[in-house]
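The values are calculated or read from the model by the stated rules, or taken from the named source; none is laboratory data. Bear in mind that the values here come from a model prediction, so they are computed numbers and not experimental data. Backbone-built Cβ (ideal geometry, glycine too); neighbour counts: all protein chains shown.
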Amino acid sequence: MRKLALLLAAALMVSAPLAATMTTDSYAAAKKATKAKTAKAAPAPKDTGPQPPFQAVFNAVNDLGTQLSTYRHDPNAPAGGKGAPAAKGKKK
């Protein structure tokens, strides 16, 4: 039981200064970011028309899936690189 208490006290002694430093750093970074000039974004298109319900959510999930998906083989890509079949040429 004493070992557990010592382990808990040691973990608290190590983590408390780290947590205090991290919050101070993040506060300073946030304060610095608010002072920095930000570029204005382009205005949204005005004539978008009616959207089905949850279209924005669907688009966001679709974009995320596209970014996280693995590379798919393109059958129209030219052959080449390691492991490609040898080019057939004239034999002499």
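Of all the listed residues (38, 70, 24, 66), the sole one being at pLDDT below 75 and in a helix (DSSP H, G or I) is 24.
Considering each residue of segment 43-52 in turn, none proves to be modelled with pLDDT of 75 or more and in a helix (DSSP H, G or I).
Can we say residue 3 is surrounded by fewer than 10 Cβ atoms within 10 Å (Cβ to Cβ), assigned to a helix (DSSP H, G or I), modelled with pLDDT of 80 or more and among the charged types (D, E, K, R)? In short, yes.
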